[in-house]
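Presented below is the structure to which this report refers.
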Amino acid sequence: MSFNFEGLLMGLATFIIIGLFHPLVIKGEYYLGAKVSKILFALLGVITAVASLLVESFIASTLLGIIAFSSFWGIKEVAEQEERVARGWFPKNPRRD
């Protein structure tokens, strides 16, 4: 009897990637501002989406697709992070504005 670990590995990778994007959104908004962060997340999303289409390996293509859609979701999260900063839930960078 053999086990197929690819599904579990993809699940773990998705969990880690999403977990990494949370602090990227927070730090990106703090250090770069919302506009620049949104542009960078969009660029990363497009680049990794295209790469996902071009890579032959199923696992690599899947990981790139997960990164792409996490990046696209990050655009929305940056806008929400702006609101959280405005409400005082997160610190505002004193060097900006």
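Numbers at a glance
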{"item": "Residue list for the range 79-97, filter: of a type in the set (D, E) and over 21 Å from the mean Cα position of the chain (by Cα)", "result": "D97"}
{"item": "Any chance E6 is of a type in the set (D, E, K, R), in contact (Cβ under 8 Å) with a residue 12 or more places away in the chain and surrounded by fewer than 17 Cβ atoms within 10 Å (Cβ to Cβ)", "result": "yes"}
{"item": "Subset of the range 26-81 [closer than 19 Å to M10 by Cα, in contact (Cβ under 8 Å) with a residue 12 or more places away in the chain, open to solvent by less than 60 Å² (accessible area, probe 1.4 Å) and of a type outside the set (A, V, I, L, M)]", "result": "G45, T48, S52, T62, G65, S70, S71"}
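Per-residue answers, yes or no, for (1) of a type in the set (S, T, N, Q); (2) touching a strand residue (DSSP E or B) at 6+ places or on another chain (Cβ under 6 Å); (3) modelled with pLDDT under 95:
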position	(1), (2), (3)
L8	no, no, yes
T14	yes, no, no
K35	no, no, yes
I39	no, no, no
A42	no, no, no
L54	no, no, no
L63	no, no, no
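The values are calculated or read from the model by the stated rules, or taken from the named source; none is laboratory data. The structure displayed is predicted, hence computed values, not measured ones. Cβ: placed from backbone, ideal geometry, glycine included. Neighbour counts: every protein chain shown. Each accessible area value is taken on the protein alone, full model and side chains, heavy atoms only, with ligands, DNA and RNA left out. Shrake-Rupley method; radii C 1.70, N 1.55, O 1.52, S 1.80 Å.
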